[in-house]
């Protein structure tokens, strides 16, 4: 087994890749000291992971991503190309961030005023998805398994399982854990993962 690992490491090195015992990063990416990156995570071309950043297992970062400093990312997170995850953002497990989506961390930025002490926390809960070119204004929470449509602008908290589109984004429906739009009969719906009951303008979820 050790011989196989050394062979694979040499093969990747020869092709310009870097392999650690825990994670993989392309040689064009920069991993600062003081980061903690979990097993099975892949960091592709031209990324920069800044110090004091925590990244879980089995994540993927596409080309030209910047993460940190002081950012926490769970396991199983998929980040597509051209995404910057700034200080103040927390991403839970199994979140999808589409290409060129945008986070902010200050409400009223000025080039000539330092506002690092005013960074607002943004939280993306487990399993939610953010479409390409969407913008998440700082200070909001995106609920579990919510789906943010491409190009949407999120400027307020998003309910779990909500389907959000538009500028500013509005809820137009609900999605299941599968990501598919839920159709309700007698306030009930289901997919392969759970049964969903619409009650008091929220979903009660019974996982299968």
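Short-range pairs are left out: with C-alpha atoms under 8 Å and at least six residues apart, the relative contact order of the chain is 9 percent. Here 163, 124 are placed in order of increasing Cβ neighbour count within 10 Å, fewest first, which gives 163, 124. The range 140-208 and the range 46-112 have Cα centres separated by 23 Å. When each of the peptides 184-190, 24-30 is scored by how many other beta carbons lie within 10 Å of its residues on average, the order from highest to lowest is 24-30, 184-190.
Against the longest principal axis of the chain, how steep is helix 2-14, in degrees 0 to 90 to the nearest 10, with axes from Cα atoms? Computed tilt is about 90 degrees.
Can you tell me what share of the DSSP beta bridges in the chain is antiparallel? A percent to the nearest 5 is fine. Around 35 percent of the beta bridges assigned by DSSP in the chain are antiparallel ones. Residue order for 148, 195, fewest other beta carbons within 10 angstrom first, comes to 195, 148.
Coordinate-derived values only; no laboratory data. Values in this document were obtained by computation on a predicted structure and should not be read as measured data. Cβ coordinates were reconstructed from backbone atoms using ideal geometry, including for glycine residues, and neighbour counts include every protein chain displayed.
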